[in-house]
Amino acid sequence: MPETLRIAVAQTTVHEDPTNPTLLRQSGTEVRRLMREAAAAGARLVHFTEGAICFPSKRVMSSLGPDEVGPSDWTKADWTVLQDEVDQIVALSRELRIWTVLPTVHQLPDARPHNSMYVVSDQGKLVARYDERMLSTTKVTWMYTPGRDPVTFEVDGYRFGLALGLDVIFPEVFTEYDRLGTDGVLVSYCSNGVNRNEHIGIQARGIAAINTSWISLAVPANPGAGLDAGVINPRGEWAVQGPSDNTPAVVVTDVDRADISETGRSFRQRTRERVGS
């Protein structure tokens, strides 16, 4: 196992209309461009935001809309183009020999889809899928089927957990990953069109410090959000951040198994066992 693992986190343009094939193609093209930049920088893994291919709008998808929000009509989405873009990303992961974590909408038979994160290996294999659990009121009422379970995967001996959307504001999600022995958690969060999201970055830093864990935070390139993509170290400090002008970009850093992480986890485990006994 290498002493460090180089990872990349991206901030990308996010579109909200999955019925528009042109926008889906534009998003896929941008994702693949940033994958190439990450690979050129020596990253073993690249991590994208929620909505990297599309962050479906509740109004675009509403069966009553766009003026009234109601149950989503997912037959309106261009699933063929969406899947083709995902397939091209999977193929490029194999070509570049880079792991890719890509949020996307995951179809279910006879049910609302999941809001998901796909983990694609450097061999171009879909090796894991995480489904957002802590859905917003809008998502759970009108749009998606919630997930149930935490998901972890390993790259070169480093174990990562996955969190999506509003998972980021629930500490118990990260306590669970701490108990599962992860070295870091990849958090994809969409703030598209929403201003003043600085608190999400503050919460992510707190989560990293509390759990002495690496946190990768992937967000849209959203001017005015007050939130940039970046990686936070186990002390809750930014190791790297994307450009503050919110332009689409990828940034890289090396993560390691810091002593503080091992000591902190051992202490938390002993204390929980003592308190729970």
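The values are calculated or read from the model by the stated rules, or taken from the named source; none is laboratory data. Since the model is a prediction, treat every value here as computed from it, not as a measurement. Positions of Cβ are backbone-derived with ideal geometry, glycine not excepted, and every protein chain shown enters the neighbour counts. Each accessible area value is taken on the protein alone, full model and side chains, heavy atoms only, with ligands, DNA and RNA left out. Shrake-Rupley method; radii C 1.70, N 1.55, O 1.52, S 1.80 Å.
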Amide H within-cut-off set for ALA128, under 5 Å, with H built and near neighbours excluded: VAL119
Accessible area of segment 179-277 divided out per residue, in Å², using a probe of 1.4 angstrom: 46
If I model a spin label as a point 7 Å beyond the Cα along the Cα-Cβ vector, how far apart are those points for VAL275 and ASP254 in nm? 3.6
Burial-style ranking of 204-210, 241-247, 176-182, 114-120, average other-beta-carbon count within 10 Å with highest first, yields 114-120, 204-210, 176-182, 241-247
Accessible area of segment 66-170 divided out per residue, in Å², using a probe of 1.4 angstrom: 44
Counting only protein heavy atoms and using a 1.4 Å probe, what share of the accessible area of the chain belongs to carbon plus sulfur, as a whole percent? 50
Residues whose placed amide H lies under 5 Å from that of GLY147, excluding near-sequence neighbours: GLU132, ARG133
Per the charge dipole of the chain (beta-carbon charges, Lys/Arg positive, Asp/Glu negative, Cα centre), the residue among SER62, VAL46, GLN11 reaching farthest to the positive end is VAL46
Whole-Hz ³J(HN,Hα) for each residue in segment 86-95, computed from phi via Karplus 6.51 cos²θ - 1.76 cosθ + 1.60 with θ = phi - 60°, x for glycine and proline: what do you get? 4, 4, 5, 5, 4, 5, 5, 4, 5, 5
Bridge type composition, the chain - antiparallel percent by DSSP, nearest 5: 65
For segment 1-80, build the convex hull from the C-alpha positions and give me its volume per residue in Å³. 116
Restricting to Cα pairs below 8 Å that are 6+ residues apart, what does the relative contact order work out to for the chain? Please round to a whole percent. 20
Expressed as an acute angle from 0 to 90° and rounded to the nearest 10, what is the orientation of the C-alpha long axis of helix 198-210 relative to the principal long axis of the chain? 30
Starting from the coordinates of the alpha-carbon atoms of the chain, obtain the Kirkwood hydrodynamic radius over all distinct pairs and give the value in Å to one decimal. 18.8
Extension gain THR263-ARG6, at 0.36 nm per residue separation less the Cα-Cα distance, in nm? 90.2 nm
Amide H partners (placed H, <5 Å) of GLY226, local residues excluded: ARG196, ASN197
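Using a cut-off of 9 Å between beta-carbons, work out the net charge of the residues near TRP142 (Lys and Arg +1, Asp and Glu -1, TRP142 not included).
On the way: positive: LYS58, ARG112, LYS139; negative: none.
After counting each charged neighbour, the total is +3.
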Send over a whole-number figure in Å² for the accessible area per residue of segment 1-48, probe 1.4 Å. 40
Using a ≥ b ≥ c from the Cα gyration tensor of segment 127-265 (square roots of the eigenvalues), is it rounded, prolate or oblate, where a/c under 1.5 gives rounded and otherwise the larger of a/b and b/c decides, a/b for prolate? oblate
Evaluate the distance, in nm, between pseudo-label points positioned 7 Å from the Cα of THR141 and of TRP238 along their respective Cα→Cβ axes. 3.5
Does segment 91-136 classify as rounded, prolate or oblate by the C-alpha gyration tensor (a ≥ b ≥ c root eigenvalues; a/c under 1.5 gives rounded; else a/b over b/c gives prolate, otherwise oblate)? prolate
